[in-house]
Amino acid sequence: MTLRDIAFRNLRRRKTKAAFVFVGLLVGVSSVVAFITLIEALTHDINTKLEQYGANILIVPKTENLSLNYGGLAIGGVLYEMQEIQQKELRKIRTIKNSANVAAVGPMVLGAVEVKGKKVLLAGMDFGEVPMLRPWWIPRGQYPEKQQILAGSAAARVLGLQREGRIETNGRTLQVSAILEPTGSQDDQILFAPLPTAQAVLGKEGRISMAEVAALCHGCPIEDMVEQISAILPGAQVMAIKQVVKGRMEALDQFRRVAYVLSGIVAFVGMLVVLVTMMGSVRERTAEIGVFRAIGFRKSHVMRIILFEAGLISTVAGFSGYLLGLGLTKAALPFFSDSRGISIPLDPVLAGGAFGLALLLGLAASIYPAFLAARLDPQEALRAL
Amino acid sequence: MAFVEGENLIKQYGSGEGTVMAVRGINLNVGKGELIAVMGESGSGKSTLLSILGALNTPTSGRYRVGEKDIYGLSHEKRADFRREFLGFVFQSFHLVPYLTVKENVMLPLAPAAMKGMEKGRLAEEALARVGLGGKANRLPGQVSGGEQERVAIARAIVNRPPILLADEPTGNLDSKTSREIMDLLKALNSDGMTIVMVTHNSECAQYAGKILRLSDGLLVEEERVGMNGENHLPLSEKEKKLIAAANLF
């Protein structure tokens, strides 16, 4: 028989009160765990999506002209002379400080050609980098090789192109190797050819109109990379494509703040439940505590019994709260993200934190009742019987 | 030399017109190995006196000494240690902890002690055997009779082998046969050298004592020697001497 045994036996006897304390802590801890895990899972999801967005840095020639199109709609029809970048300059990108974060560099040459009497944009690109730069493309057919083209869905429809069909342009015959499934982007309007083929058709050998860079941005400083590329390509304008991601991250930050506030409130309410229940438990045990004190238990002995009970329930609530929190996250994720199969991060620090939080809440809420119990005058307690 | 000594003990509750004088200047000497019965009407101050002797109720004035040590000069925590080491309590309503078994109830005073569980178990079994309850160790208090609960309370009071046993109406809730059995048990413990002070209404039970103190309205009105115990001032045992000498307690 030790002080711990007394605590164990009391918990076994007063199951309802123990259950109240347990539930109070469980709700508090599981809410905090669920909120934090949900935020972590969504952040991880966004980072993963960011990597899958394809190109997220755009390199274009510096120009003093202003664009006359908005949302893909060209106004006027004024054509500016297009400036170009030397293709060999792009090799320098592999030398920047954050080159390890560069997943792909996609040079692109652009120019207008006439096909079947209609003007159409011809884009030359490195198809080896397409899976990284355009992961959403679904070609019907094979990606083009030398003297072949890939037609965007709208371009194929307007020009009446079929797979294996041929087009004549600038005195060259090119075969249609594939037609793209609609992408909903400007790519639907364009004919794509391998870079050397397009450069030859457009008469721009060794030159490119722009380049796309896919940077692995999970934790990479994209602004720094933009600066580094700008420094090595002084004749080019380097831009980060980040508006969408930034918007989502800002929304997530707001959600994070709200979640932390809610977590705090729920944890506080849980603590109040523990406090009220433990106070009730101490009142209910006045006689028993009076006997303990009368037969020679010190105040510290009584406090140890109460705090051990709280600590024991808190430990179980911490473990259960962590698991419940993960379960709640799993259940809630589909409402917050359309991604399938988002993994829930199993963070040992969070698991430890859940235990710590449960213990902190449980013990903090029990200190006052334990103090009251210890202060109980044995004579008064026994007289109250 | 008195083992337990109360000098002009006064206990007053409240103040002003609502003042209640529960104990009014009682002088008390209990020799080692004595069995004392404290009698009196309800409200005569018996239980208050017992709670003062039990180091539970600080007197308004007066001195209470055990082995020449001023008990109310001790800190609250040291007084708790004194209760645990020196005193055994038998409460009027037993006050057994309902969710602990008979054996666990008996072991309760040993719970804070840094003693091996087996040793605690052995002491509890010895105490239970002493009160004749060896076979009911694993029952809950609600599963034994009133007389047996009283025995459990006595076993709990003696498990620590304290030199002093305080009993508040030990037979108050029992029939006459069981009362006699309990008194025989207390008498046997007293014969082994335990100093016992009991509060009782029952004059038959009081006859087991060596000395009867009669209280009335907070005053000690009569002191009557009954048997041989009153003359039987035993020498202090080694444990008692050690306890008294223990610097960390006093």
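What follows is calculated from the coordinates using simple rules that are stated; it is not laboratory data. Being a predicted model, the structure only gives us computed values, none of them experimental. As a convention, Cβ positions derive from the backbone with ideal geometry for all residues, glycine included, and neighbour counts pool all protein chains shown.
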Q: Determine, for A:F371, A:F22, the number of other Cβ atoms within 10 Å of each Cβ, and report the residues in order from fewest to most.
A: A:F371, A:F22
Q: Could you state the angle between the C-alpha long axis of helix A:222-232 and the longest principal axis of the C-alpha atoms of chain A, as a value from 0 to 90 degrees rounded to the nearest 10?
A: 30
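In what order do B:Y208, A:Y368, A:Y143 fall by count of nearby beta-carbon atoms within 10 Å, going from fewest to most? Please report the intermediate quantities before stating the final value.
On the way: B:Y208 22, A:Y368 13, A:Y143 17.
Sorted ascending by nearby Cβ count, the order is A:Y368, A:Y143, B:Y208.
Taking Cα pairs under 8 Å and at least six residues apart, what relative contact order does segment A:54-240 come out at, in percent?
Here the relative contact order equals 35 percent.
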Q) Among rounded, prolate and oblate, which fits segment A:54-240 when a ≥ b ≥ c are the square roots of the eigenvalues of its C-alpha gyration tensor, a/c under 1.5 means rounded, and a/b larger than b/c means prolate? A) prolate
Q: Would you calculate the separation in nanometres between label points at B:V20 and A:A364, each defined as 7 Å from the Cα along the Cα-to-beta-carbon direction?
A: 4.3
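Where nothing but the Cβ of Lys and Arg (+1) and of Asp and Glu (-1) is charged, how large is the charge dipole of the protein assembly as shown around its Cα centre, in debye to the nearest 20?
Here the protein assembly as shown has a charge dipole of around 680 debye.
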Q: Please arrange B:V199, A:V349 by counting, for each residue, the other beta carbons lying within 10 Å of its beta carbon, fewest first.
A: A:V349, B:V199
Q: Using only Cα atoms, find the angle between the long axis of helix A:243-284 and the longest principal axis of chain A, and express it within 0 to 90 degrees, rounded to the nearest 10.
A: 10
Q: List the pair-distance distribution P(r) of chain A, using every Cα-Cα distance, as the percent of pairs falling in each 10 Å bin from 0 up to the bin containing the longest distance, rounded to whole percents.
A: 5, 17, 19, 14, 11, 10, 9, 7, 5, 3, 1, 0
Q. What does the helix-only formula give at 222 nm for the protein assembly as shown: each DSSP H stretch with n ≥ 4 adding -39500 (n - 2.57), the total divided by the residues, and the result rounded to the nearest 500 deg cm²/dmol?
A. -14500 deg cm²/dmol
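Net charge within 13 Å of A:D187 by Cβ-Cβ distance, Lys/Arg positive one each and Asp/Glu negative one each, not counting A:D187 itself? Show your work: numbers first, answer last.
Values: positive: A:R134; negative: A:E181, A:D188, A:E212.
Its environment carries a net charge of -2.
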Q. Once you average over the residues of A:284-291, how many Cβ atoms of partner chains fall within 10 Å of each Cβ?
A. 3
Q) At B:N27 and A:V269, where each label point lies 7 Å from the Cα along Cα→Cβ, what is the point-to-point distance in nanometres? A) 6.8
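For segment A:54-240, give the magnitude of the charge dipole about the Cα centre (Cβ charges: +1 Lys/Arg, -1 Asp/Glu; no others), in debye to the nearest 20.
Working: 18 positive and 18 negative charges, 89 e Å.
Using Cβ point charges on Lys, Arg, Asp and Glu, segment A:54-240 gives about 420 debye.
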Q. Considering amide H positions built from the backbone, and no H for Pro or chain starts, which residues 5 or more places from A:V115, or on another chain, come under 5 Å of its amide H?
A. A:V120
Q) Which residue, chosen from A:P131, B:A206, B:M107, occupies the Cα position most advanced towards the positive end of the dipole of the protein assembly as shown, where the dipole is computed from +1 (Lys, Arg) and -1 (Asp, Glu) charges on Cβ about the Cα centre? A) A:P131
